[in-house]
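See below for the structure under consideration.
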Amino acid sequence: MANILIIEDDAHVALTVQATLTMAGYGCTVLPDGRDAVPHAASGNYDLILLDVMLPGEDGFTLMEKLQGCDTPVIFLTARQDVLDKVSGLRLGAEDYIVKPFEALELLARIEVVLRRYHKLSGVLTYGDLRADTEKHEVTAKGVPVPLTPKEFDMLVFLMQHVDVAVTREQLLQNVWGFNFMGESRTVDMHIRQLRKKLNLSDGLVTIPKLGYRLESQKTR
């Protein structure tokens, strides 16, 4: 999994982001200010940089200018909501500009978009004896192909990308069916039932009452 450098001076935000990324399987390093950022970024040890704008030492925009020769993609994480700030950040070469506060799943989704754009993510996800190949659009259980519908496959991939994270029905609808989907949440429930049946996930894919679902990590299945 990808290794991410978090440059953030707010200890609470840094720990929250680090916990979110660690739970998703990413490696993380946290820097509290910008003074040591350039040598870290230039080391080639990171696949992505999450960069705050308002930092002690040197602000994020100044750092971004110094990172122009670095091949590592950058996402700004900042409380500055002004459109001009966002435009400035993107013009400096950032891949995305995320305004605080943000939801964990939104952060993970936008990180995945950038990492895939830079071919930093493996196309294969595993969970116990399940293997989902996102490039071949194929799922196997103990090496045996399991036929899934396109939406079942997309839902499984989303859950496998967020193991141990509670996801709501609304989040599944938005991420699998799209933000403009006008269907009902029972559509999600129906697909969950099919995944449990086809992939023997009755134990690992748990229901969270009045909220949604969570795919729980398991060493053996």
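The values are calculated or read from the model by the stated rules, or taken from the named source; none is laboratory data. The structure presented is a predicted model; accordingly, all values stated were derived computationally and were not measured. Glycine gets a Cβ as well: all are built from the backbone with ideal geometry, and neighbour counts include every protein chain shown. These area figures cover heavy atoms from the full protein model, side chains too; ligands, DNA and RNA do not enter into them. Shrake-Rupley method; radii C 1.70, N 1.55, O 1.52, S 1.80 Å.
Taking strands (runs of 3 or more DSSP E) that do not extend beyond region 117-221, which have at least 3 residues that are hydrophobic (A, V, I, L, M, F, W, C) and within 22 Å of Ala19 (Cα to Cα)? Give the steps one after another, and end with the answer.
On the way: elements: 124-127, 130-133, 138-141, 205-208, 212-215.
The strands (runs of 3 or more DSSP E) meeting that bar are 205-208.
Which count do you get for residues in region 81-99 that are of a type in the set (D, E, K, R), in a loop (DSSP other than H, G, I, E, B) and within 19 Å of Ala37 (Cα to Cα)? If you could, list the steps in order and put the result at the bottom.
Step one: filter region 81-99 for residues of a type in the set (D, E, K, R), giving 82, 85-86, 91, 95-96.
Next, from what is left, pick out any that are in a loop (DSSP other than H, G, I, E, B): 82, 95.
Narrowing further to those that are within 19 Å of Ala37 (Cα to Cα): 95.
Residues that pass the stated criteria total 1.
What residue, among those in region 81-99 that are farther than 23 Å from Leu121 by Cα and open to solvent by less than 40 Å² (accessible area, probe 1.4 Å), is modelled with the lowest pLDDT? Walk me through it before giving the result.
Of the residues in region 81-99, the ones farther than 23 Å from Leu121 by Cα are 81-89, 91-92, 99.
When the remaining residues are screened for being open to solvent by less than 40 Å² (accessible area, probe 1.4 Å), the result is 85, 89, 92.
Details: Asp85: 85, Gly89: 88, Leu92: 91.
Here the residue is Asp85.
So, of the residues in region 69-80 that are outside any strand (DSSP E or B) and touching a Leu at 6+ places or on another chain (Cβ under 8 Å), which turns out to be least open to solvent (accessible area, probe 1.4 Å)?
As a first pass, look at region 69-80 and keep what is outside any strand (DSSP E or B): 69-73, 79-80.
When the remaining residues are screened for being touching a Leu at 6+ places or on another chain (Cβ under 8 Å), the result is 72-73.
Details: Thr72: 22, Pro73: 5 Å².
Among those residues, the one meeting the criterion is Pro73.
Please state which one of Ser217, Ser202 is open to solvent by 60 Å² or more (accessible area, probe 1.4 Å) and either within 21 Å of the chain's Cα centre (by Cα) or modelled with pLDDT of 95 or more (or both).
Working: Ser202 fails: either within 21 Å of the chain's Cα centre (by Cα) or modelled with pLDDT of 95 or more (or both).
Result: Ser217 is the single residue among Ser217, Ser202 that is open to solvent by 60 Å² or more (accessible area, probe 1.4 Å) and either within 21 Å of the chain's Cα centre (by Cα) or modelled with pLDDT of 95 or more (or both).
Scanning for something loosely packed, with under 14 Cβ neighbours inside 10 Å, among the aliphatic types (A, V, I, L, M) and over 30 Å from Asp82 (Cα atoms), does region 149-158 turn up at least one residue? Steps first, please.
Initially, region 149-158 is screened for residues loosely packed, with under 14 Cβ neighbours inside 10 Å, giving 149-150.
When the remaining residues are screened for being among the aliphatic types (A, V, I, L, M), the result is none.
So far as region 149-158 goes, no, none of its residues is loosely packed, with under 14 Cβ neighbours inside 10 Å, among the aliphatic types (A, V, I, L, M) and over 30 Å from Asp82 (Cα atoms).
Can you find even one residue in region 57-73 that is within 29 Å of Phe158 (Cα to Cα) and in contact with a Lys or Arg (Cβ under 9 Å, 6 or more places away or on another chain)? Quick ask: steps written out before the conclusion?
From region 57-73, those within 29 Å of Phe158 (Cα to Cα) are 71-73; that's our starting set.
Now restrict to residues that are in contact with a Lys or Arg (Cβ under 9 Å, 6 or more places away or on another chain): 73.
Yes, because at least one residue in region 57-73 is within 29 Å of Phe158 (Cα to Cα) and in contact with a Lys or Arg (Cβ under 9 Å, 6 or more places away or on another chain).
Out of Leu21, Leu63, Leu55, report the one residue that is assigned to a loop (DSSP other than H, G, I, E, B) and of a type outside the set (S, T, N, Q).
Values: Leu21 fails: assigned to a loop (DSSP other than H, G, I, E, B); Leu63 fails: assigned to a loop (DSSP other than H, G, I, E, B).
The unique qualifying residue is Leu55.
Can you name the number of the only condition in (1) touching a residue at least 24 places away in the same chain (Cβ under 8 Å); (2) farther than 14 Å from Ile7 by Cα; (3) surrounded by 13 or more Cβ atoms within 10 Å (Cβ to Cβ) that Glu106 fails?
The number of the failed condition is (1).
Take the residues in region 119-140 that are open to solvent by 30 Å² or more (accessible area, probe 1.4 Å) and under 14 Å from the mean Cα position of the chain (by Cα), then tell me which one is farthest from Gln218 (Cα to Cα).
Taking region 119-140 first, the residues open to solvent by 30 Å² or more (accessible area, probe 1.4 Å) are 119-122, 124, 126, 128-129, 131, 134-138.
If we keep only those that are under 14 Å from the mean Cα position of the chain (by Cα) as well, we get 120-122.
Details: Lys120: 25, Leu121: 22, Ser122: 20 Å.
Taking the candidates together, the pick is Lys120.
Being open to solvent by 30 Å² or more (accessible area, probe 1.4 Å), in contact with a strand residue (DSSP E or B) (Cβ under 9 Å, 6 or more places away or on another chain) and aliphatic (A, V, I, L, M) is the filter here, so list the residues in region 20-53 that pass it.
Of everything in region 20-53, just one residue is open to solvent by 30 Å² or more (accessible area, probe 1.4 Å), in contact with a strand residue (DSSP E or B) (Cβ under 9 Å, 6 or more places away or on another chain) and aliphatic (A, V, I, L, M), namely Val30.
Which is free of Cβ contacts under 8 Å to residues at least 12 places away in the same chain and within 22 Å of the chain's Cα centre (by Cα), of Ala11, Ala79, Ala19?
Working: Ala11 fails: free of Cβ contacts under 8 Å to residues at least 12 places away in the same chain; Ala79 fails: free of Cβ contacts under 8 Å to residues at least 12 places away in the same chain.
Sole residue among the options that is free of Cβ contacts under 8 Å to residues at least 12 places away in the same chain and within 22 Å of the chain's Cα centre (by Cα): Ala19.
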